[in-house]
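Note sheet for the following structure.
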Amino acid sequence: MKALLTAVWAITATVLLGASSCLAAAPATYRVKMETTKGTFYIDVNRKWSPHGADRFYELVNSGFYDQCAFFRVIDGFMAQVGINGDPETQAKWRDKTFKDDPVAKSNLRGYVTFAKTGAPDSRTTQFYINFSDNRRLDALGFAPFGSISPEGMQVVDTLYHGYGEGAPVGNGPSQGRLQLEGNDYLKREFPRLDYIKKATVVKK
């Protein structure tokens, strides 16, 4: 039970709950190019797996939200989490834009990409994580993957800096609360080795 609770905390987003937003439908499938400080990988999104998740991700990528976002919590052997904008004003605009849950159609296996959420229903916003390993225990808790990364792409993801470990207050890594309020200035100053998404773009397959 303790291990399960720790896993849930590790992928729980810090959000302020608001009314769920209505999203425009994304294409049935699409690909997102992630240019990072460790190289480029691609996320292949399938709307059938998580319709609301695919729609929100499409909206966020096209708005430029993920550009210059840090992989602020990278837990070796577990997952890499990203999705708090480095500009506090931009982050504040999205922080309470929750959207509805989706049924879990795919398992949280290595290379699958999933939105983070709190324990409350319909609490997903902007944060997502990439599974490093078999985390299918999270399926029963409602974490619904919306995309996947190829084995070649995961070779890039595997190199993301994980030396800071778990985030504050449990570990020595960045505080989500401070990141929300202070942005990338806080990370650059106190966690200079973190990796970033330089640019996220929807591209043709």
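Would you please put 196-205, 37-46 in order of how densely packed they are, using the mean number of other Cβ atoms within 10 angstrom per residue and starting with the highest? Don't skip to the answer; put the middle values down first.
Details: 196-205: 14.6, 37-46: 17.7.
My ranking of the peptides, most packed first, is 37-46, 196-205.
Quick check for me: using +1 on Lys/Arg Cβ and -1 on Asp/Glu Cβ, what's the dipole size of the chain about its Cα centre, in debye to the nearest 20? Spell out each step's value before the answer.
Values: 26 positive and 21 negative charges, 67 e Å.
Result for the chain is approximately 320 debye, rounded to the nearest 20.
Under 5 Å between amide H atoms, partner at least 5 residues away or on a different chain: which partners does K199 have, H built in plane at 1.01 Å?
Placed amide hydrogens put E35, Q68 under 5 Å from K199.
Per residue, how many Å² of accessible area does the chain show with a 1.4 Å probe?
Details: 9210 Å² over 205 residues.
Result: 45 Å² per residue.
Of all accessible surface on the chain at a 1.4 Å probe, what whole percent is carbon and sulfur? Walk me through the numbers on the way to the answer.
Values: 4920 of 9210 Å².
C and S fraction of accessible area: 53 percent.
What spacing in nm lies between the two simple spin-label points modelled at T201 and R189, each 7 Å away from Cα in the Cβ direction?
About 3.3 nm, to one decimal.
Starting from the 7 Å offset along Cα-to-Cβ, what nm value, one decimal, do you get for the label separation of N62 and S150?
If labels sit at N62 and S150, their model points lie 2.5 nm apart.
Taking only pairs that are 8 or more places apart or on different chains, how many Lys pairs in region 29-203 have Cα atoms under 15 angstrom apart?
Counting lysine pairs in region 29-203 gives 9.
If I take every Cα pair under 8 Å that is 6 or more residues apart in region 29-203, average their sequence separation and divide by the length, what percent do I get for the relative contact order?
Relative contact order here is 35 percent.
Match the structure shown to one of the listed values (i) 19.5, 66; (ii) 16.0, 49; (iii) 15.2, 43 of Rg and Dmax of the Cα atoms in Å, computed from it, and give that label.
(iii)
The values are calculated or read from the model by the stated rules, or taken from the named source; none is laboratory data. Owing to the predicted nature of the structure, the values given are computational and were not obtained by experimental measurement. FYI the Cβ positions are ideal-geometry reconstructions off the backbone, even for glycines, and counts take in every protein chain you see. Ligands, DNA and RNA are stripped out before the accessible areas are found, and what is left, the full protein with its side chains, is counted by its heavy atoms. Shrake-Rupley method; radii C 1.70, N 1.55, O 1.52, S 1.80 Å.
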